[in-house]
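Below: one structure, written as structure tokens.
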2 protein chains.
Amino acid sequence: MSSFVRSLAIVADPPSLADNSGDLDRLRRVVRETLADGLPVDFPLTHVGALCRRFRKAGFQGTALVNDLGDRWVVADFMGEAPDLLAGVALDLGTTHLEATLIDMGNGRVLARADRVNDQIEYGVDILSRIHFATAARRLEKNLDPDFVDPGLVTLQRVVRDCINALLADLAAAAGLEPENVRALAVSGNTTMVHFFLGLDPYHLCREPYIPMINQPGIVTAKELGLSLHPAAPIWIMPSIGSYFGGDLISGILASGLSEGDETRMLIDVGTNAEVVVGNREWLIACAGAAGPALEGGVARMGMRAGPGAIDRVNIHPVSLEFTYTTIANAPAVGICGSGLIDLVAALYLSRVIDIQGRLRDPALEKNGERAAFMAARIVENEGQRAFVIVPATEAAGDEPILLEQLDLDALMRSKAAMYAILTTLLGQVGLEFDDLHEICVAGAFGGHIDPLRAVTLGMLPDLDLSVYRAIGNSSLHGAELALCDQASRQACSRIVAQITYVELNVNQEFMIRFSGSRFIPHTDPSLFPSVPFYNDNS
Amino acid sequence: MSSFVRSLAIVADPPSLADNSGDLDRLRRVVRETLADGLPVDFPLTHVGALCRRFRKAGFQGTALVNDLGDRWVVADFMGEAPDLLAGVALDLGTTHLEATLIDMGNGRVLARADRVNDQIEYGVDILSRIHFATAARRLEKNLDPDFVDPGLVTLQRVVRDCINALLADLAAAAGLEPENVRALAVSGNTTMVHFFLGLDPYHLCREPYIPMINQPGIVTAKELGLSLHPAAPIWIMPSIGSYFGGDLISGILASGLSEGDETRMLIDVGTNAEVVVGNREWLIACAGAAGPALEGGVARMGMRAGPGAIDRVNIHPVSLEFTYTTIANAPAVGICGSGLIDLVAALYLSRVIDIQGRLRDPALEKNGERAAFMAARIVENEGQRAFVIVPATEAAGDEPILLEQLDLDALMRSKAAMYAILTTLLGQVGLEFDDLHEICVAGAFGGHIDPLRAVTLGMLPDLDLSVYRAIGNSSLHGAELALCDQASRQACSRIVAQITYVELNVNQEFMIRFSGSRFIPHTDPSLFPSVPFYNDNS
């Protein structure tokens, strides 16, 4: 493993009349000799005076910290004694949340974790509204000077920078460091977030043919972006493939090991979009689609991200119809997160409270007495629509009951249908069946909590042996951690980008047909889900 | 010739759903294909938004301007139509003066010239006093934080930056351009000036063993240094060899072609120091010494740099003793420049007004009547010292006569002795005689005006056939012009640096002996100067 920043033991001859090389020329010479790979060795000019004085103060021997830029090295710092720790930060730059870990780059160990809401939410809850905010001046004025920078873009860049700096401060404090002692940063984010982060115009990201300014930004420095880690710290930005296929997913592919295996596997990452990749070391095919909102939390009225008070598990006893749930941190219930929602809707289907189209049935028409009583107790009318009471007001953290409204159910049905349609369409592109998959990695906050059995019940995931499913957590973050610690992983990103075939679903007729077929529980064709009972109640 | 910035005709396919490469990834791909040398192609991240929009505005075809960094390319700009002109600036960053040319990098043609006084003079007339100014805080406080930047250094960097920006404005105005249309800068300066330019601590430059922070700073951008040319413009800084052997001389070696020839030649550059190089394509040996001040102008009380009103030619008729002179631009005489001074002192010796030790003789002791009358008319007593009236007050531009004082004469004698001692000591190091030299290139403002015959008379330059001497003007500036227009020249600089053997005269016994022997006109050993009459008057 060769981390993004390496520490090199350096012993240089002190200057003399016989050898009057400049201090930094001397340092460069010894660094080149030590690395012995023939690559150029540069200095960050804006920081070079202090570097030089540290080298001199240490008596021309000690430890040089060198940034590995792949095709060259940059000497970032010098110190008399080898540092106890080379700390770097891996960052998942999400649209709604930022999540980061402080890593010992020497051994890959996680020293601290932190997360924050993305404060850009103030300027637009979703990516599209933020793109509009960042291009407001440009949209008003058609023929702008190419040098014009939209004030909205400047604002969004500043806000995300401040957010990251706050996160860096949290992480450093947790590990007892100064932020300036963080020596590198690896960032994984969707293409739009990366544009905001770099202050790049996102105008064309959301307009056909959806072209980013850049997919492979490469490496910049902390100083260039005004981040509070060490000014010469290199910042690795995960490459992306297109507007809707970002570095976060490249990071996920890296973390899942999909592109390294002999066996064909699938990666499903559900965030705001569902992003799916299938492949092995020979080939990779990918697509993305809007399957996520209902699952991620935050869209359903009582939906929320997995956090204290979120209902994450729900069960309805098949015989007694006893309704039980758990919340994260055992806190009073605040709302319901994606895994809870899937559990709930699967349970509602199995207990026949909803029908195969995902509609809450009419308690008055229910013939089974016990179920009728259950439904009468739990189903309420709310603004002319039925709603299911998950938690009554008396038990909930707030003053109101936690409800699953029919609108939320409809959204979930669309999401689950989209998800299954995406998976089948993508496999169809390469002539494979689900049985050909060695493993299905489920990533994201969603992936960490979801019970595959329940997702299969809904017809969201295919009806396979459950051992096929592997939850890999926040793979966007985990890929960034790998990139931070290993040059081979950074190189692998370029290979992944070069290897992937991207399927555009928005223009795919087959996807639309499959989507329609998936809008039942578990599916219009129940033979695809032999393990799931099929209740075609007419109610 | 491959200039520092090249313009490349680019035709890229426009983006489509089938090819959704990022705009800059697309540009990079076509630039790489066009250059076809396998080197990395980067972007200056801080300027990349405008670049991207220009590429898009031009419909993905037009002209890319790419900076040649030797081991990689940087795409600096894009425009729909090929530019009429790729303008660069070559700068001689002198201690007292800045001189620059605006160059068409396509063909090397000089489009404009400008020069300015180095405003740093306000903070110290010579290099040493400026180093003191730039390190004042550091010298007071012994154990400074390596990150501390001396406010004096900040001031000197700002002043030289402002000076260069003013020069760029002058040049651009003369050529009818905006400074932002200047695409590259090549800078040649002594090591201390380069340190000031880059904001690097000069503390050790003047302390044994005289170690620069850096000798090979490489390439930076205009934006990094706050210069007013195009922000992505690359700035080539001539490498130096040590504190007292700067990039200005490397530039001179480049301009003279010394390091390319089969024949052995000598380069003499007289600025504040005399810097001398001998060699050919196989080897180079160099030294520097304090021989210049009396010759450069500005040290003798009436001395000045070659400019309007400077006396540049002086003659005393051998028979009639008629005294004649010319001034630059035929303006009323203001002072005397180096070439005028050498002419004058040689003429004073040949007309026996001064003796072989360079002392003004006593008019009262002169037996030749005509000469006695001439001397009586021209030699005055001034503060207990004799002085020679070059121009009486009635003829001079100011209200005072222009005098050559005995102190000035003494300084010139030391300078001319040092010069000859430097030349002979250096040749002695490689076991050569003057006759072995194919050519002697004389550089600097001094070299452009000096009459070698007069310098030989003084014993400053060796008594050789005058065809051996070639005046090459401001070779520091000319070398920068070459570096601007030709990658091979930039590479040659590294070879020159690697090839040179530097002889330290300050610790050289032989030099001191030769210096003493040279403190007569033409020399203690007149047989070395057979063409020069030897008048050993005792007066």
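The values are calculated or read from the model by the stated rules, or taken from the named source; none is laboratory data. Just so we're clear, the structure is a prediction, and the values are computed from it rather than from any experiment. A quick note on method: Cβ atoms are made from the backbone with ideal geometry, for glycine too, and the neighbour counts reach across all protein chains shown.
Per-structure values
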| item | result |
| --- | --- |
| Of all residues making up segment A:389-419, the number that are part of a strand (DSSP E or B) and more than 31 Å from the chain's Cα centre (by Cα) | 1 |
| Among (1) within 14 Å of another protein chain (Cβ to nearest Cβ); (2) modelled with pLDDT under 95; (3) touching a Pro at 6+ places or on another chain (Cβ under 9 Å), the one test that residue B:286 misses | (3) |
| Residue within segment A:204-225 that is touching a strand residue (DSSP E or B) at 6+ places or on another chain (Cβ under 6 Å), in contact (Cβ under 8 Å) with a residue 40 or more places away in the chain, assigned to a helix (DSSP H, G or I) and surrounded by 24 or more Cβ atoms within 10 Å (Cβ to Cβ) present | no |
| Elements of type strands (runs of 3 or more DSSP E) in segment A:40-118, at least 2 residues being among the β-branched types (Val, Ile, Thr) and within 14 Å of another protein chain (Cβ to nearest Cβ) | A:73-79 |
| Criterion violated by residue A:183 - all others in (1) of a type outside the set (Ser, Thr, Tyr); (2) within 8 Å of chain B (Cβ to nearest Cβ); (3) crowded, with 23+ Cβ neighbours inside 10 Å; (4) out of contact with any helix residue (DSSP H, G or I) (no Cβ under 6 Å at 6 or more places or on another chain) satisfied | (2) |
| Residue match in segment A:3-18 (condition: assigned to a loop (DSSP other than H, G, I, E, B), closer than 28 Å to residue A:107 by Cα and polar (S, T, N, Q)) | yes |
| Residue satisfying condition, being at pLDDT 90 or above and outside the structural domain of residue B:159 (by TED's automatic domain parsing), within set B:270, B:220, B:276 | B:276 |
| Residues satisfying the stated conditions in segment B:147-166, i.e. surrounded by 21 or more Cβ atoms within 10 Å (Cβ to Cβ) and under 20 Å from residue B:235 (Cα atoms) | B:156, B:157, B:160, B:164 |
| Residue within segment A:1-11 that is of a type outside the set (Phe, Trp, Tyr) and within 14 Å of chain B (Cβ to nearest Cβ) present | no |
| Single condition residue B:270 does not satisfy, out of (1) of a type outside the set (Ser, Thr, Tyr); (2) within 13 Å of the chain's Cα centre (by Cα); (3) within 14 Å of another protein chain (Cβ to nearest Cβ) | (3) |
| Extreme residue, farthest from the other protein chains (Cβ to nearest Cβ), among residues of segment A:215-229 that are among the small types (Gly, Ala, Ser) and farther than 20 Å from residue A:248 by Cβ | A:228 |
| Tabulated pairs, segment B:389-402, first closer than 18 Å to residue B:341 by Cα and without any contact (Cβ under 8 Å) to a residue 12 or more places away in the chain, second assigned to a strand (DSSP E or B) and among the aliphatic types (A, V, I, L, M), C-beta under 9 angstrom, 6+ apart or interchain | B:392/B:402 |
| Restricting segment B:86-107 to residues that are surrounded by fewer than 21 Cβ atoms within 10 Å (Cβ to Cβ) and either at pLDDT below 95 or in contact with a His (Cβ under 6 Å, 6 or more places away or on another chain) (or both), the residue that is farthest from residue B:24 (Cα to Cα) | B:96 |
| Residue satisfying condition, being under 20 Å from the mean Cα position of the chain (by Cα), free of Cβ contacts under 8 Å to residues at least 24 places away in the same chain and at positive phi, within set A:108, A:124, A:38 | A:124 |
| Selection status of residue A:171, within 28 Å of residue A:128 (Cβ to Cβ), at pLDDT 95 or above and buried (at least 22 other Cβ atoms within 10 Å of the Cβ) | no |
| Residues of segment B:186-214 satisfying the condition of being farther than 24 Å from residue B:137 by Cα and either at the interface with chain A (Cβ under 9 Å from one of its Cβ atoms) or of a type in the set (Ser, Thr, Tyr) (or both) | B:188 |
| Residue in segment B:119-129 that is within 14 Å of chain A (Cβ to nearest Cβ) and not hydroxyl-bearing (Ser, Thr, Tyr) present | no |
| Residues satisfying the stated conditions in segment A:251-276, i.e. within 30 Å of residue A:121 (Cα to Cα) and assigned to a strand (DSSP E or B) | A:267, A:268, A:269, A:270, A:274, A:275, A:276 |
| Pick from segment B:245-267, criterion within 19 Å of residue B:423 (Cβ to Cβ) and among the β-branched types (Val, Ile, Thr), ranking: nearest to the other protein chains (Cβ to nearest Cβ) | B:253 |
| Residue match in segment A:230-244 (condition: away from every other protein chain (no Cβ under 14 Å), at pLDDT 95 or above and either in contact with a strand residue (DSSP E or B) (Cβ under 8 Å, 6 or more places away or on another chain) or within 30 Å of residue A:413 (Cβ to Cβ) (or both)) | yes |
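Residues are listed down the side, and each one gets a yes or a no for (1) surrounded by 14 or more Cβ atoms within 10 Å (Cβ to Cβ); (2) within 20 Å of residue A:311 (Cβ to Cβ):
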| residue | (1), (2) |
| --- | --- |
| A:395 | no, yes |
| A:401 | yes, yes |
| A:404 | yes, yes |
| A:408 | yes, yes |
| A:416 | yes, yes |
| A:422 | yes, no |
| A:427 | yes, no |
| A:431 | no, no |
| A:440 | yes, no |
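Rundown of residues vs (1) in contact (Cβ under 8 Å) with a residue 60 or more places away in the chain; (2) under 30 Å from residue B:98 (Cα atoms), yes/no style:
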position: B:465; (1), (2): no, no
position: B:470; (1), (2): no, yes
position: B:478; (1), (2): yes, yes
position: B:483; (1), (2): yes, yes
position: B:498; (1), (2): no, yes
position: B:503; (1), (2): yes, yes
position: B:510; (1), (2): yes, no
position: B:513; (1), (2): no, no
